[in-house]
Protein chains: 2
Amino acid sequence: MKTVYNIIIADDHKMFVDGLRSILEQEEDLHILHTTSKGEEVLKYLKINQNEPVDLLITDLNMPGIDGIALNQSIKKDFPTIKTLVISMLEDGAKIKSLTEDGVNGYLSKNAEQTELLKAIRSILSGENYFSVHIQSILIKMLTNSRKTAEVRLTQREKEVLQLIAKEHTTQEIADLLFLSKHTIESYRKNLINKLEVRNLAGLTRYAIEHDMI
Amino acid sequence: MKTVYNIIIADDHKMFVDGLRSILEQEEDLHILHTTSKGEEVLKYLKINQNEPVDLLITDLNMPGIDGIALNQSIKKDFPTIKTLVISMLEDGAKIKSLTEDGVNGYLSKNAEQTELLKAIRSILSGENYFSVHIQSILIKMLTNSRKTAEVRLTQREKEVLQLIAKEHTTQEIADLLFLSKHTIESYRKNLINKLEVRNLAGLTRYAIEHDMI
DNA sequence: TTAAAAATCACTGAATTCAGGGAGTTCAAG
DNA sequence: CTTGAACTCCCTGAATTCAGTGATTTTTAA
């Protein structure tokens, strides 16, 4: 019979990890196997220590290198038995939605209380998912006015072009950089303006920045 | 003879505060007087409890309402005996510089180690200021290539125009909104592009967003 | 395998931006 | 009082963006 749960923590804010550790150490049945500041290291650790059963990964959303979203995807794909709890300081509806689609087991804001953290961990370990009421309302808001959120799915090329636009490159420059015709870039720009429902370069740039694309 | 230092913590990330608390509680001579998630409350608390000597305020940089910068200013003005340590997840050179000018006693990134946190607190309590090597290098970089940072001081009107540009308004619209001639707005746009050393609307928008102007 | 999506290129014409110049007024500080 | 900064307005011409439409090829997914 298993009485101890093994936990891995990934967060580049060491001080936060320290805090998290001191909170979890007060719980007898929660054992921190490993902490790291890089998403890549989690995957490396799991591949090397396949014999050690890991129950839960607690990870930050924003990290250098592999971020929380990509990390969660990899985990769910390669180690589907490991539960994941994402903790973030931001409450980015789109990212939360994306995480849920990837099968994340819980999401907490960093301004959650200690009791809520433990409650979330307990829920997840017992097989339920945990999303705070606040997060749930954000998600619902996302889904209801999905007209605005409406799956503005950009293609790879569109993303590239958008990035370069936001970096102040002119159409001709982008064409040269991507070895495409100037007309092609103009088409992409036009489509982007339509898709993202903005009016001009300023709007495109805002979108790019607000979606962490540059 | 004083052996215990009184500390106040202001941070809207409760989980972080919990962590901080559990770290500081291991130190006998560090006593947490009060924690809060709002900058305003710190000032209120200090005004009410003027009899209690407070030695150190640890505060986050980004908070809703009064942020770390404004809070630090108020503290240094009204309670100059209280030392201040700002902890942030961002390493924003401009904001750090601004804080030092306001007389902050230390700055730490949230990815600092627990040992560094305590070292910083000890330094500050003993009368020295504490800035990590990393932060120092950021500050020096700020000051040395101050050509680029060069106090790009925007006038009130320029800021207004810049904001509206970043909000996707056309020149004509801005002119109408501000009851000015279209030519005037064009002049402002031109000056902004010069002053900020950008090339087009995308650059202006980036500047506006990166400087929290919208 | 077939339909949909993505990627590419093209044309036209109107609207806007960008670059460079000049110039008058007001208001505060030296 | 005068110097400078901020604010306002104007002109020209080139460059770029924006809007609408359409079409071919390749890739992807049903």
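Miscellaneous remarks
- Relative contact order of chain A, pairs being alpha-carbon contacts under 8 Å that are 6 or more residues apart, as %: 13
- With contributions of -39500 (n - 2.57) from each DSSP H run of at least four residues, the per-residue ellipticity at 222 nm computed over chain B stands at -15500 deg cm²/dmol.
- The same position residue B:25 in the other copies lies at 1.2 nm from this copy, comparing label points 7 Å beyond Cα toward the beta-carbon, shortest first.
- Under the convention that each Lys and Arg Cβ holds +1 and each Asp and Glu Cβ holds -1, the size of the dipole of the protein assembly as shown around its Cα centre is about 1560 debye.
- Heavy-atom accessible area per residue - chain B, 1.4 Å, Å²: 50
- At an R0 of 35 angstrom, the distance between the Cβ atoms of residue B:198 and residue A:101 translates into a FRET efficiency of 0.40.
- Taking 15 Å as the straight-line reach from the Cα of residue A:110, the aspartates and glutamates in range (excluding those fewer than 8 positions away in the same chain) are A:11, A:12, A:18, A:60, A:91, A:92, B:11, B:12, B:18, B:60.
- Members of B:44/B:76; A:47/B:14; A:97/B:38; A:95/A:119 lying beyond 26 Å, as alpha-carbon distances in this model show: A:47/B:14; A:97/B:38
- Most mobile of B:38, B:182, B:110 in a GNM of chain B (Cα contacts under 10 Å): B:182
- Under a model in which nothing but the beta-carbon of Lys, Arg (+1) and Asp, Glu (-1) is charged, the range B:152-210 shows a dipole of about 200 debye around its Cα centre.
- Residue among B:94, A:54, B:16 farthest towards the positive dipole end of the protein assembly as shown, charges placed on Cβ: B:94
- The rotation axis taking chain B to chain A passes closest to the C-beta of one chain B residue; that residue and the distance in whole Å read B:19, 1.
- Equivalent ellipsoid semi-axes, chain B, via Cα gyration tensor eigenvalues times 5, rooted, Å: 40, 19, 14
- Zone residues, the range B:10-36, relative to residue B:48, backbone N less than 13 Å from point 7 Å out along Cα-to-Cβ: B:34-36
- Computed magnitude of the charge dipole of the range B:78-122 (debye, nearest 20; Cβ of K, R +1, Cβ of D, E -1): 140
- Estimated FRET transfer efficiency (residue A:78, residue A:41; beta-carbon r; R0 25 Å; 0.05): 0.95
- Multiplying the residue separation of residue A:184 and residue A:4 by 0.36 nm and subtracting their alpha-carbon distance yields 59.0 nm.
- With contacts taken as Cα pairs under 8 Å at a separation of at least 6 residues, the range B:42-146 carries a relative contact order of 23 percent.
- Each copy carries residue B:163; placing its label point 7 Å along the C-beta direction from Cα gives inter-copy distances of 3.3 nm, listed from smallest up.
- Gyration tensor verdict on the range B:48-159 (Cα atoms; rounded if a/c is under 1.5, prolate if a/b is larger than b/c, oblate otherwise): oblate
- Residue (of A:180, A:202, A:154) at the positive-pole extreme of the range A:152-210, dipole from beta-carbon charges: A:154
- Relative to its residue count, the protein assembly as shown spans a Cα convex hull of 181 Å³ per residue.
- Under 16 Å from residue B:195, Cα to Cα: lysines that are on another chain or at least 8 residues apart: B:148, B:159
- Oblate is the label for the range A:10-74, because the ratio a/c of its alpha-carbon gyration tensor axes (a ≥ b ≥ c) is 1.5 or higher and a/b is not greater than b/c.
- Cross-link partners of residue B:190 among aspartates and glutamates, defined as those whose alpha carbon lies under 13 angstrom from its own and excluding same-chain residues fewer than eight positions apart: B:158.
- Whole-number percent relative contact order across the range B:152-210, with pairs defined as alpha carbons under 8 Å at least 6 apart: 39
- Sorted from nearest, the other copies put their residue A:4 label points 3.6 nm away, the label point being 7 Å from Cα in the direction of Cβ.
The values are calculated or read from the model by the stated rules, or taken from the named source; none is laboratory data. Computed from a prediction, not measured in an experiment: that's the story for all the values here. Neighbour counts run over all protein chains shown; Cβ positions are idealised from the backbone, glycine included. Just so you know, the surface numbers come from the protein's heavy atoms only, side chains and all, with ligands and any DNA or RNA stripped out. Shrake-Rupley method; radii C 1.70, N 1.55, O 1.52, S 1.80 Å.
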